[in-house]
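Chemist: Shown below is the structure under consideration.
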Amino acid sequence: MADEQNRTKVTILTGTYRIKGYIDLLPGARVTDFMNDARGFIAVTEAEVWEVAGRQVFAAPFLNLNRDHVQIITPRSEEHTSELQSRLHLVCR
């Protein structure tokens, strides 16, 4: 299992879902570097998958996400997550 210090909390948007979880970044790496180096799939741990409108679809300890489906990925804090959810709710109306 990856070192806790290398885990980065992220929110990922695909065309259909919002995924919250963790990715493992090397020390000093940026999320942009992670995505540029990713091959076909990215590993997300403690994943929660939500419809963009807000209903949770499922949760899993591990999820392999096809890199080509990622439209937006951003590191998140609890404050950032609340703001993102509010904006997504407005967009989906």
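Chemist: Being surrounded by 15 or more Cβ atoms within 10 Å (Cβ to Cβ) and closer than 12 Å to Thr16 by Cα is the filter; apply it to the range 35-68 and report the residue that is modelled with the lowest pLDDT.
Modeler: Looking at residues that are surrounded by 15 or more Cβ atoms within 10 Å (Cβ to Cβ) and closer than 12 Å to Thr16 by Cα, I get Val52.
Chemist: Let me ask another. From the residues in the range 1-34 that are in a strand (DSSP E or B) and open to solvent by 60 Å² or more (accessible area, probe 1.4 Å), which one is modelled with the lowest pLDDT? Explain how you work it out, then say what you get.
Modeler: Quick first cut of the range 1-34, residues in a strand (DSSP E or B) only: 7-13, 17-24.
Now drop any that are not open to solvent by 60 Å² or more (accessible area, probe 1.4 Å), which leaves 17, 24.
Values: Tyr17: 96, Asp24: 92.
Among those residues, the one meeting the criterion is Asp24.
Chemist: Condition test on Arg39, is it among the charged types (D, E, K, R) and under 13 Å from Arg76 (Cα atoms)?
Modeler: Values: among the charged types (D, E, K, R): yes; under 13 Å from Arg76 (Cα atoms): no.
The answer is no for Arg39.
Chemist: Here's a follow-up. So which residues in the range 69-79 are open to solvent by less than 50 Å² (accessible area, probe 1.4 Å) and of a type outside the set (A, V, I, L, M), if there are any at all? Can you show your working first?
Modeler: At the first step, the residues of the range 69-79 found to be open to solvent by less than 50 Å² (accessible area, probe 1.4 Å) are 70, 73-74, 76.
Result: Thr74, Arg76.
The values are calculated or read from the model by the stated rules, or taken from the named source; none is laboratory data. If you're wondering where the values come from, they're calculated on a predicted model, not measured in any experiment. Don't worry about glycine lacking a Cβ; one is built from the backbone with ideal geometry, like all the others, and counts go over all protein chains shown. The protein model used for the area step is the full one, side chains on, heavy atoms only, and it has no ligands, DNA or RNA in it. Shrake-Rupley method; radii C 1.70, N 1.55, O 1.52, S 1.80 Å.
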